1. Any idea of B:D154's accessible area? Nearest 10 Å², probe 1.4 Å.
2. Kindly compute the accessible surface that chains B and C hide from a 1.4 Å probe when together, both sides summed, and give it to the nearest 100 Å².
3. Would you please put B:255-261, C:202-208 in order of how densely packed they are, using the mean number of other Cβ atoms within 10 angstrom per residue and starting with the highest?
4. Relative to the longest principal axis of the C-alpha atoms of chain B, give the angle of the C-alpha long axis of helix B:151-166, reported between 0 and 90° and rounded to the nearest 10°.
5. If you wrap a convex hull around the C-alpha atoms of segment B:169-219 and split its volume per residue, what is the figure in Å³?
6. What part of the accessible area of segment C:89-300, given as a whole %, is carbon or sulfur when the probe is 1.4 angstrom?
7. Excluding ligands and nucleic acids, what accessible area in Å² is computed for A:R56 using a 1.4 Å probe, to the nearest 10?
8. Work out the mean other chain Cβ neighbour count within 10 Å for the residues of A:12-25 and drop it here as an integer.
Amino acid sequence: MAQLLAVTDLHTQFFTRDGVVRAVDGVSFELDQGETLGIVGESGCGKSVTALSLMRLIPQPPGKIVKGSIVFDGADVLKMDDDEVRSIRGNNIAMIFQDPMTSLNPVLTISRQISEALELHLKMDRSESRKRTIELLDLVNIPSAKKRLDDYPHQFSGGMRQRVMIAMALSCNPKMILADEPTTALDVTIQAQILDLLKNLAREFRTAFILITHDLGVVAGMTQRIHVMYAGKIVEKADTGELFANPKMPYTWGLLRSIPRLDEHRKAKLLPIEGLPPDLIAPPPGCRFEPRCQYRRDVCREKEPELKHIPNAKADHEARCWGTQEGGWLVNTDWRREIGDVQVIEEIKKEIADLPPEAKREGDGETPPPDKPKVN
Amino acid sequence: MATAVTTRQQQQHAAELNVIARKQRSLWKDAWSRLLRNKAAIAGMVVIVFVAVVAILAEINIGGFHFRLAPFDPVTDQNTPKQLMEPIWTKAFGSKFTDPAFVLGSDELGRDILSRLMFGARISLVVGFVPVAIVFVIGATVGMLAGYLGGWVDNLLMRFTDIIYAFPDLLFVIIIVATLRDTGLGQILGGLILIFVGIAVVSWVGLARLMRGQVLSLKHREFVEAARCVGATPIRIMLRHLFPNVLAPIIVSIAFAIPGAMLTEATLSFLGVGIRPPTPTWGAMILEGFIVFSTTPWPVLLPAFCISIVLLAFTFLGDGLRDALDPRMKL
Amino acid sequence: MLRYVIRRLLLIIPTMFFVALITFSLAHLAPGSPFDKNPNRPLPEETIAHLERYFGVDKPIPEQFVIYIGNLLRGDLGASFVQRGRPVADIIGQGIGITAQLGIQALLLALAFSIPLGIVSALKQNTPIDYLSLLIATVGTTIPGFVTAIFLIYIFGVGFHLLPFVGWGSWQHTVMPTFVLALGPGAFLTRITRASMLEAIRQDYVRTARSKGLREQSVIVGHALKNALIPVATIIGPATAGLITGSFIIESLFNIPGIGRFYVLSINQRDYPMIMSTTLLYAFIIMIANLTVDIVYGALDPRIKVS
């Protein structure tokens, strides 16, 4: 199929008081028409920033896309003027955001919010767009859509609001949908429904589709390919099946080990990845995962590996790891059996324990921030 | 303020976009460093300290030690032939009515304006701090009890605030002060005590309400439940667990209450129901000088200028404190 | 909705009663008779006694209060002690038009400059425009009206003779008082508008609106502004209170014959019927303003169900 999107060497940075945060640091990937892709990684690895960069929605300042190109449908998004970008947003590329509770405008009716894009891009009049809005709400399985047209977002549940967001994204028949953690804010039972809906609609409309999530379990049945991101870089690219069967990067191994599974041996323990993602203002000079990697060698600290094809894997499987690349010490390692150097694991644990308490982010402070008082 | 605002928002943006925030410091240390970066707040502090020093040194009379920074006594030194002198710099613009002894000129009774301003600063600062201290003690206690215990304390507080809120603040103070002026209370210290009472009666309610709201929002949080689980007494929970957590907004509200009280005093004195003459206060100086305003504006302009500068200093400090203590309050 | 309004209107009655009770008690706590005011020209004792009997102030205070409330319910506001027994309703009727004109002009002026200024300031955050409007807003909320008035009178009245600053009559007379009265509430509204606009443009739904490809103008006006104006509307209540207290000072300062100036005079002269009626009138206006705010709030924010 024809190529729809080609991202090359994308760099997005945030200029803060403490320094330049390299949130996305040289990301390249492609997407064909109608193809589905999952981008997976921990919070703070640059997934959302990548998605926002594609639509040029990075708040500026403090953010800025400093380098790279984003060729969508033959044109470079980064070279377009504002009007051209706007004509793509919502029309050719649509986005579904993480939190349906805050992503809908509380003071506008559902129909107003959906028909806005219809009137703008498809030049429909009020009654046409209203009719189309009812169709869309039916499509995303909102019961008695006609009656709920003039309801406000607060009258809908979280799952229903996310359906509205999906309807909104589909409204102009976009060529590509970006879904940024679309189910993270929802109940587990609702998550499955929403994912199913997304998958079916994307297939039905042959819409290309990028699903961004921190949960490998979510992308498993959803997308054709998966890219794993870590600290602003893509560290592994593979077909979904291949990635689960034959992962080639210790970070991916860590992610897979931390998914609870029902079909595993009871002996198999959940092994979390120790430590925290690196500081993106001053990332480690070598491999960015090195400080947390149980398989590390000296070379990992000295030089950064490239994203390269690896032996013992399918042709389009690439990873950014000295150990699994040609001639590395992890080429034949079975990640399920060998959990790495015990001594290194102890070292990492000790390093974490030695961190000053302030560096162990949020959640463990005893002083909760004071609530916003009424000022008047 | 500017720099603090920028970086705060940048950090916020960074946090929203899942970018790792850097360098976590303790809440108070962080707030302090944010405050020190705020130029307007620092300028405010400098002005306040300067005015406080001048006010204290205006006249010191402890035991045998006597020192007076003010060139004249603000009340008794009435130099009748030297009425309505203009400030010495006006000589350069052709004024014939200047006298080197009266740096800022003299008023309609021949009293030195500089000296009266210095003594007026005393009243302003005292009125700024004393009633607010009373308000803090009463308001924080009642608000804490109402919020934590609920029940009749809470009901009473809420009914009382409803009524107080039907009066505009200043209106209520004026009624209290004007009607009680001729009672014994109104006579003490030229009416100063009555002004304390008037301001305190009206403003403790607002603070109590703020405190109550804060406590209500916190009292079912896990850390309070946890303290209760390990058997902490209600008093301990209120003092050790709730109080430190509601302190930030309380401090901010107090920082704004101080200039508010000073403004009330100035307004009352200007309306003629404040501190009795001849005690010099800035508001009263404006009122007295207004009679001769078209002849010479200085007896009015100078105290007006002083009030403006001091109130602005407190506001800038308050703004800085608010920005530093609670980045989410953006007013 | 209608039931809510009626209930709120009914709630005004007990509050007004307490306001009357408090004001009445305070006024009568003051020692001495209201007629021995002038120590230089004391009235003869029998005159005072006669006056006290005439105005009914010789009776016990609780009885006086009952009589006052009774008269009030019949629409009789009493007679002024000071202005030779002139009915209070007359005095208020004469001044209220002027005070209302001044107040409404000031409110409109405040809204007209504060909301656009606050919005521009938020949209151009951390630019010179923002700093300038923040500075104006801070100075406006901080510096008391009578001080601003003094500077203005000095510059425009005494200095350049551009505007009259005593009395009331032509439109020129209203310029400075309106401006000074509007400054405080306007500056406060500017700060609120800026803060709530800043809050609004950072919300997720604004990003959603942008992701639909809307023009920046539609994003701001159609999505952010509607949310940002909700907190602004709630400030109209306190702003009304600010205008009322402002009117005492401004009317006294500019010698404007409105009820604010009469009120200050009557307080200084202990003219109880005037004090009582005017205080009740103010309390009533403020409660109506607060009720209006709550209704407007319900209309603006679909999440609030007024019931």
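1. 30
2. 4300
3. Descending packing order for the listed peptides: B:255-261, C:202-208.
4. 40
5. 72
6. After summing per-atom areas, the C and S share lands at 71 percent.
7. 60
8. For this peptide, the per-residue mean of nearby foreign Cβ atoms is 4.
The values are calculated or read from the model by the stated rules, or taken from the named source; none is laboratory data. All values derive from a computational prediction rather than experimental measurement. Virtual Cβ from ideal backbone geometry, glycine too; neighbours counted across all protein chains shown. Each accessible area value is taken on the protein alone, full model and side chains, heavy atoms only, with ligands, DNA and RNA left out. Shrake-Rupley method; radii C 1.70, N 1.55, O 1.52, S 1.80 Å.
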